[in-house]
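This report concerns only the one structure given below.
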Protein chains: 2
Amino acid sequence: MDSIGFEPHDHSSCIHDCIAAVDAQCRTAGLQFTPVRRRVLEILLQEHRALGAYEILDRLREEGLGSQPPVAYRALDFLVKNGFAHKIERLNAFIACTHPGEHHAPVFLICRACDAVAESQREPTQGQLGQAAREAGFVIERAVIEAEGLCPKCQHVGAA
Amino acid sequence: MDSIGFEPHDHSSCIHDCIAAVDAQCRTAGLQFTPVRRRVLEILLQEHRALGAYEILDRLREEGLGSQPPVAYRALDFLVKNGFAHKIERLNAFIACTHPGEHHAPVFLICRACDAVAESQREPTQGQLGQAAREAGFVIERAVIEAEGLCPKCQHVGAA
DNA sequence: TGCGTGATGTTATAAGATTACATGGGGCGT
DNA sequence: ACGCCCCATGTAATCTTATAACATCACGCA
């Protein structure tokens, strides 16, 4: 799994590896990786784009795994809280983490043309955000960093 | 008006100055700074925190300036599009810009205890986000950078 | 067995945002 | 003055996103 998500890669093994990693982590952390939670993560992993909660819910419904919003939101809460998925605030949508379990300070690059989302990692307390916070005497606990623009592929297509 | 919003300051003059600055800018840019738009900006300026669209709508309603959601959303769209206000994605809420008209790459520091929001400016193409984008071949058009944590004042109160 | 904890099922509703269509007022060319 | 266009506004309806509240179930454990 690479840190940048725009390159082609072996997707089915990427899915399998992620599930296995999360499964192992849940075991050691004493967390219940239940069928719904696992399935939601699989659904998210099938795309390198963000899915809305209701999009996920639709798929769960088709599979008979639950039909009401709280089912999807609860699974997503679990995944997000434990760092297995992230919420993209800009899109009100969710995406699987590409570095499950690693120390977390995600940065997202969102392509406005093809909706692909790449996740990268940065130290939030360094760099310009950290500097702004230090100047203000502000203590950062979490940071949302989401850039919107064009991925390499889409820069060369319509070239809007 | 300072670039960091946690210090005490002369708030009524800050409001007045902002409105005057925006008014002048609208004049030169040929934009209509209508009563609803002006009032919404005033409402936002009265607080150094983000307000939801419906919170704003409630105040407009009390004043007889409009009662349906589109009234508030349209005014907010105008203000955001022209850089006089910003949307805080993390909160689904809006805040007046503290640097109206200046070249814009805002960074927000959101206090989770008192809800104060400070706005600072950074060059988005520099720093860690820019670096991540460059590595990925991604072209940034807009960036959402919102840090959540504790402002100086709240660090010394309950000390959660 | 009985209890507590955490996951699920289900109903209802809150909160945030947009679509669509009707109305009105100001500037401008004729 | 007239008609026209553009932009802003008024309003109803609807859609999307998210949560509250409460019942039930399964498991581990005293």
Would it be correct to say that residue B:118 is in a loop (DSSP other than H, G, I, E, B) and closer than 16 Å to residue A:140 by Cβ?
no
Does residue B:33 qualify as being of a type outside the set (Val, Ile, Thr), buried (at least 21 other Cβ atoms within 10 Å of the Cβ) and outside any helix (DSSP H, G or I)?
no
The residue that is most open to solvent (accessible area, probe 1.4 Å), considering only those in segment B:122-149 that are among the acidic types (Asp, Glu) and under 14 Å from residue B:104 (Cα atoms), is B:141
Residue list for segment B:127-154, restricted to those being facing chain A (nearest Cβ under 7 Å) and either farther than 25 Å from residue B:92 by Cα or part of a helix (DSSP H, G or I) (or both)
B:127, B:128, B:129, B:132, B:133, B:135, B:136, B:137, B:138, B:139, B:152
Would it be correct to say that residue B:110 is at the interface with chain A (Cβ under 7 Å from one of its Cβ atoms), in a strand (DSSP E or B) and open to solvent by less than 30 Å² (accessible area, probe 1.4 Å)?
no
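Would you be able to say whether some residue in segment B:90-97 is touching a strand residue (DSSP E or B) at 6+ places or on another chain (Cβ under 8 Å) and away from DNA strand C (no atom under 13 Å from the Cβ)?
Yes: segment B:90-97 contains one or more residues that are touching a strand residue (DSSP E or B) at 6+ places or on another chain (Cβ under 8 Å) and away from DNA strand C (no atom under 13 Å from the Cβ).
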For segment B:50-89, name all the residues that are surrounded by 15 or more Cβ atoms within 10 Å (Cβ to Cβ), more than 14 Å from every other protein chain (Cβ to nearest Cβ), within 13 Å of DNA strand C (Cβ to nearest atom) and not in a helix (DSSP H, G or I).
B:51, B:66, B:85
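Does residue A:12 satisfy being within 16 Å of DNA strand C (Cβ to nearest atom), more than 14 Å from the chain's Cα centre (by Cα) and open to solvent by 30 Å² or more (accessible area, probe 1.4 Å)?
no
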I'm checking my understanding of the structure. Among residues of segment A:94-105 that are more than 9 Å from the chain's Cα centre (by Cα) and free of Cβ contacts under 8 Å to residues at least 60 places away in the same chain, which one is surrounded by the most Cβ atoms within 10 Å (Cβ to Cβ)?
A:105
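The values are calculated or read from the model by the stated rules, or taken from the named source; none is laboratory data. If you're wondering where the values come from, they're calculated on a predicted model, not measured in any experiment. Neighbour counts are summed over all protein chains in view; Cβ atoms, including those assigned to glycine, are modelled from backbone coordinates with ideal geometry. Surface accessibility is based on the protein's heavy atoms, side chains included, excluding ligands, DNA and RNA. Shrake-Rupley method; radii C 1.70, N 1.55, O 1.52, S 1.80 Å.
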